[in-house]
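Student: Attaching a single structure in structure tokens format; questions to follow.
The values are calculated or read from the model by the stated rules, or taken from the named source; none is laboratory data. Just so it is clear, the structure is predicted and the values come from calculations on it, not from any experiment. For neighbour counting, all protein chains shown are included, and Cβ atoms are generated from backbone atoms with ideal geometry for every residue, glycine included. Please note that ligands, DNA and RNA were not included when accessible areas were found on the heavy atoms of the full protein model with its side chains. Shrake-Rupley method; radii C 1.70, N 1.55, O 1.52, S 1.80 Å.
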Amino acid sequence: MFLFLTRRLLIAVPTILLISIFVFALQKLLPGDPLLVLAGEERDPQVLELLREKYRLNDPLAVQYFTWVTNALQGDLGISLRTNQPVSELILQKLPVTLQLAAMSMVFALTIGVPAGILSAYKKGSLTDYIANVVALSGLSIPNFWLGIMLILLVSVKWQLLPASGYVPLSEDFGQSLRTMLMPSFVLGTALAATMMRHTRSAMLSVLSADYVRTARAKGLRERRVVLKHAFRNALTPIVTLTALLFGELVAGAVLTEQIFTIPGFGKLVVDAVFNRDYAVVQGIVLVTAVGFIFMNLLADAMYYILNPRLRGQ
Amino acid sequence: MTDASPTPVAAVKDRLGRAENRVWKKFRTHRSALFGGVLVSFFVLIALLAPVLPIPDPAATDWGAVRKAPSAAHWMGTDEIGRDVMTRLIWGAQASLLAGVVSVGIALCMGVPLGILAGYFGGWTDAIISRCTEALLAAPFLILAIALAAFLGPSLTNAMIAIGISATPIFIRLTRGQVLNVRSEDYVDSARAIGLPTARILRRYILPNVLPPILVQATLTIATAIIAEASLSFLGLGQQAPEPSWGSMLNTAKNFLNQAPWMALWPGISIFLVVLGFNLLGDGLRDALDPREH
């Protein structure tokens with residue numbers, strides 16, 4: 001296990017290095033002199049030169065990159081132009097909000113997607129299967145920001161059941177926090193549920209026709225036990241790994257969901273940073289998200305290793 | 001004495017022809033794919049015919065008809081400055097479809113050649129291209145597109161470039177995998193053995209054989225790209241006012257949910273239907289091209 005993970009970790013190193021080069025190169029895409037963005041209205045050549053010195057923009061590109069990456073490795077992702085706060089501090093402040101949204105969305109995705117996938121596979125070719133597939137495909141085709149708007153219109157404006165926006169930390173008021181996050185996490189969770197349903201269905205279909213399932217039935221076991229214990233347990237491996245891999249979709253989905261429901265999380269931070277031309281924050285978020293995704297990939301590999309006894313034997 | 005059996009070339013052509021027929025026949029009987037095709041054709045048609053349809057100017061304001069509910073005069077109602085929602089929806093179809101097709105075009109133009117190079121040559125070429133692909137894949141699609149659009153500046157063109165670049169790694173990885181399957185086939189070995197130049201082998205023998213799954217992925221990616229464009233326009237990073245786009249229409253509509261819900265209803269339904277159309281079409285193509293389904 002240790003060797004397996006070390007090998008995976010070593011493979012991740014060049015990827016992270018390339019990501020850092022890519023993120024660093026992003027600021028070079030800026031049209032014109034990036035200093036003019038930093039300086040704002042100030043165009044005094046002396047001030048510009050001071051800023052150039054401060055941000056070491058006179059250094060060769062390779063030196064600039066090395067300085068940036070060394071700082072990033074020490075947790076220093078730069079300073080936000082808008083708030084003057086360290087980017088890493090801003091990210092750490094917003095992360096728990098997005099993590100709560102992600103966790104609650106995942107609960108929706110799992111509780112809708114997995115049972116629907118099992119049912120659809122078990123009743124392959126039936127009306128239930130057809131309906132489940134249509135619903136899943138519709139879930140994949142609905143833009144989640146539109147679903148959010150429609151839910152606000154119905155649930156908050158018309159029926160006044162749940163708050164339309166805002167965020168209450170879990171530590172402040174547990175019940176109210178769940179209430180404010182219910183609609184956003186449903187919106188984000190349904191899109192993932194569709195992906196989850198399709199993968200669960202496909203995994204279940206391949207195991208339901210396996211010999212050991214036929215043997216279990218031949219032994220006279222109850223159908224529920226055959227499906228849930230024998231088939232589902234073996235179909236679980238790809239589902240668990242998929243759960244970890246859906247991290248990217250969760251973060252991307254959170255950008256729009258947080259924008260619609262005015263949730264002060266990671267996603268809203270990136271959008272605000274984009275509009276305030278706070279490029280250090282944008283770079284920091286891309287870097288942290290990408291590294292987070294690689295970490296989730298490693299986690300998926302580890303879970304695959306733990307859940308698959310054949311891999312452990314190798 | 002005459003030999004009635006066909007020549008080897010004719011036999012291969014005949015077999016390929018039959019395979020094509022089988023794919024087409026399978027696709028034609030795929031009802032949901034046909035439905036997807038109808039949906040996509042409908043939106044393509046209205047987008048193309050927008051300049052000649054008897055509809056008002058999409059930017060024409062009417063201060064006497066601000067936020068009017070759907071009626072005989074305005075079938076889908078009007079927006080916050082009295083513009084006809086249906087007209088803007090029809091013109092908005094151009095932006096969405098253009099974004100979908102152009103960004104996938106960009107992704108194909110960059111991804112397929114790089115994937116072929118990685119898969120065919122292997123070694124260092126493969127290692128470098130694959131590591132870069134993994135690095136790009138590590139950043140979530142929309143986050144990458146937002147970051148690129150932010151750095152390039154907000155406009156429909158830049159949004160298309162950003163979405164195209166973000167989608168490129170998907171095609172590099174897919175093409176590379178397909179080329180790895182094909183490059184050791186007998187017909188590629190034979191082409192190499194008779195001394196054909198590499199460029200010709202890649203163009204004549206590799207590319208046509210890796211295209212079907214790429215075509216399926218391209219269709220499905222158009223759907224993703226349309227949602228991504230709508231998302232970027234919704235955030236203000238895509239099509240800029242007063243040009244219509246479904247995403248920017250939704251962005252405005254969210255401020256008038258109580259007073260004019262129809263402003264949010266129609267653009268969302270349009271995005272849903274066109275994306276559903278491409279998804280159904282892609283699924284149908286995949287089923288028709290999958291040899292296990294025959």
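Student: Being surrounded by 13 or more Cβ atoms within 10 Å (Cβ to Cβ) and either of a type in the set (S, T, N, Q) or modelled with pLDDT of 85 or more (or both) is the filter here, so list the residues in segment B:18-37 that pass it.
Tutor: B:SER32, B:ALA33, B:LEU34, B:PHE35, B:GLY36, B:GLY37
Student: Among what's in segment B:194-211 and is under 20 Å from the mean Cα position of the chain (by Cα) and open to solvent by 10 Å² or more (accessible area, probe 1.4 Å), pick the residue that is nearest to the other protein chains (Cβ to nearest Cβ).
Tutor: B:LEU211
Student: Next question. If B:CYS132 meets every condition in (1) open to solvent by less than 50 Å² (accessible area, probe 1.4 Å); (2) without any contact (Cβ under 8 Å) to a residue 60 or more places away in the chain; (3) facing chain A (nearest Cβ under 7 Å) apart from one, which number is that one?
Tutor: (1)
Student: Another one. Out of the residues in segment B:235-247 that are facing another protein chain (nearest Cβ under 10 Å) and touching a Pro at 6+ places or on another chain (Cβ under 8 Å), state the one that is surrounded by the fewest Cβ atoms within 10 Å (Cβ to Cβ).
Tutor: Per the criteria, the residue is B:GLY236.
Student: Right, next: Considering (1) within 14 Å of another protein chain (Cβ to nearest Cβ); (2) in contact with a Leu (Cβ under 6 Å, 6 or more places away or on another chain); (3) farther than 29 Å from A:ILE285 by Cβ; (4) not acidic (Asp, Glu), say which one B:TRP124 fails and leave the rest.
Tutor: Of (1) within 14 Å of another protein chain (Cβ to nearest Cβ); (2) in contact with a Leu (Cβ under 6 Å, 6 or more places away or on another chain); (3) farther than 29 Å from A:ILE285 by Cβ; (4) not acidic (Asp, Glu), only one is false for B:TRP124: (2).
Student: Return the total of residues in segment B:165-181 being over 18 Å from B:PRO140 (Cα atoms) and modelled with pLDDT of 90 or more.
Tutor: Within segment B:165-181, residues that are over 18 Å from B:PRO140 (Cα atoms) and modelled with pLDDT of 90 or more number 6.
Student: Can you confirm whether A:SER120 is of a type in the set (S, T, N, Q), assigned to a helix (DSSP H, G or I) and either away from chain B (no Cβ under 14 Å) or touching a Leu at 6+ places or on another chain (Cβ under 8 Å) (or both)?
Tutor: It is true that A:SER120 is of a type in the set (S, T, N, Q), assigned to a helix (DSSP H, G or I) and either away from chain B (no Cβ under 14 Å) or touching a Leu at 6+ places or on another chain (Cβ under 8 Å) (or both).
Student: For residues in segment B:146-164 being open to solvent by 50 Å² or more (accessible area, probe 1.4 Å) and modelled with pLDDT of 90 or more, which is farthest from A:GLY248 (Cα to Cα)?
Tutor: B:THR157
Student: Step by step: first the residues of segment A:156-183, then only those that are part of a helix (DSSP H, G or I) and within 14 Å of another protein chain (Cβ to nearest Cβ), then the one that is farthest from the chain's Cα centre (by Cα). Which residue is that?
Tutor: A:LYS158
Student: Can you tell me which residues in segment A:134-143 are part of a helix (DSSP H, G or I) and at the interface with chain B (Cβ under 9 Å from one of its Cβ atoms)?
Tutor: Result: A:VAL134, A:LEU137, A:SER138, A:LEU140, A:SER141.
Student: What is the number of the single condition among (1) modelled with pLDDT of 85 or more; (2) within 14 Å of chain B (Cβ to nearest Cβ) that A:LEU30 does not meet?
Tutor: (1)
Student: Based on this model, can you work out whether B:ASN255 counts as under 20 Å from A:THR257 (Cβ atoms), open to solvent by 40 Å² or more (accessible area, probe 1.4 Å), touching a Gly at 6+ places or on another chain (Cβ under 8 Å) and within 14 Å of another protein chain (Cβ to nearest Cβ)?
Tutor: It is false that B:ASN255 is under 20 Å from A:THR257 (Cβ atoms), open to solvent by 40 Å² or more (accessible area, probe 1.4 Å), touching a Gly at 6+ places or on another chain (Cβ under 8 Å) and within 14 Å of another protein chain (Cβ to nearest Cβ).
Student: Exactly one condition in (1) within 12 Å of chain A (Cβ to nearest Cβ); (2) under 30 Å from B:ASP79 (Cβ atoms) is false for B:GLY282; which is it?
Tutor: (2)
Student: Among the residues of segment A:65-82, count how many are more than 15 Å from A:VAL288 (Cβ to Cβ) and in contact (Cβ under 8 Å) with a residue 24 or more places away in the chain.
Tutor: 4
Student: Could you count how many residues in segment A:150-162 are among the polar types (S, T, N, Q) and open to solvent by less than 30 Å² (accessible area, probe 1.4 Å)?
Tutor: Final tally of qualifying residues: 1.
Student: Please work out if A:ARG312 is at pLDDT below 85, open to solvent by 40 Å² or more (accessible area, probe 1.4 Å), touching a helix residue (DSSP H, G or I) at 6+ places or on another chain (Cβ under 9 Å) and part of a loop (DSSP other than H, G, I, E, B).
Tutor: No; evaluated as a whole, the condition is false for this residue.
Student: Could you list, in sequence order, all residues of segment A:89-119 that are buried (at least 17 other Cβ atoms within 10 Å of the Cβ) and farther than 27 Å from A:GLY148 by Cα?
Tutor: A:ILE118, A:LEU119
Student: Quick one: how many residues across segment B:43-64 are outside any helix (DSSP H, G or I) and more than 13 Å from B:LEU97 (Cβ to Cβ)?
Tutor: Matching residues across segment B:43-64 total 12.
Student: Right, another one. All but one of (1) of a type outside the set (A, V, I, L, M, F, W, C); (2) out of contact with any helix residue (DSSP H, G or I) (no Cβ under 8 Å at 6 or more places or on another chain); (3) closer than 23 Å to B:LEU114 by Cα hold for B:GLN259; which doesn't?
Tutor: Checking B:GLN259 against (1) of a type outside the set (A, V, I, L, M, F, W, C); (2) out of contact with any helix residue (DSSP H, G or I) (no Cβ under 8 Å at 6 or more places or on another chain); (3) closer than 23 Å to B:LEU114 by Cα, the one that fails is (3).
Student: I'd like the full set of residues that are open to solvent by 50 Å² or more (accessible area, probe 1.4 Å) and under 23 Å from the mean Cα position of the chain (by Cα), limited to segment A:19-31.
Tutor: A:ILE21, A:PHE22
Student: How many residues does segment B:138-156 contain that are facing chain A (nearest Cβ under 7 Å), more than 16 Å from B:THR221 (Cα to Cα) and of a type in the set (A, V, I, L, M, F, W, C)?
Tutor: Number satisfying all stated conditions: 8.
Student: Could we say that A:LEU147 is in contact with a Lys or Arg (Cβ under 7 Å, 6 or more places away or on another chain) and open to solvent by 20 Å² or more (accessible area, probe 1.4 Å) here?
Tutor: Criteria not met by A:LEU147.
Student: Restricting to segment B:258-279, name every residue that is at pLDDT below 90 and either more than 9 Å from chain A (Cβ to nearest Cβ) or in a helix (DSSP H, G or I) (or both).
Tutor: Of everything in segment B:258-279, just one residue is at pLDDT below 90 and either more than 9 Å from chain A (Cβ to nearest Cβ) or in a helix (DSSP H, G or I) (or both), namely B:GLN259.
Student: Okay, moving on. Mind listing whichever residues of segment B:213-234 are within 27 Å of B:ASP84 (Cβ to Cβ) and open to solvent by 10 Å² or more (accessible area, probe 1.4 Å)?
Tutor: B:ILE227
Student: Would it be correct to say that B:LEU250 is in contact with a Pro (Cβ under 6 Å, 6 or more places away or on another chain) and not in a loop (DSSP other than H, G, I, E, B)?
Tutor: The answer is yes for B:LEU250.
Student: What number goes with the only condition from (1) open to solvent by less than 30 Å² (accessible area, probe 1.4 Å); (2) touching a residue at least 12 places away in the same chain (Cβ under 8 Å) that B:ILE106 does not pass?
Tutor: With (1) open to solvent by less than 30 Å² (accessible area, probe 1.4 Å); (2) touching a residue at least 12 places away in the same chain (Cβ under 8 Å) applied to B:ILE106, the lone miss is (1).
Student: So for segment B:212-229 (the condition being within 14 Å of chain A (Cβ to nearest Cβ), over 23 Å from A:PRO143 (Cβ atoms) and among the acidic types (Asp, Glu)), does at least one residue qualify?
Tutor: no
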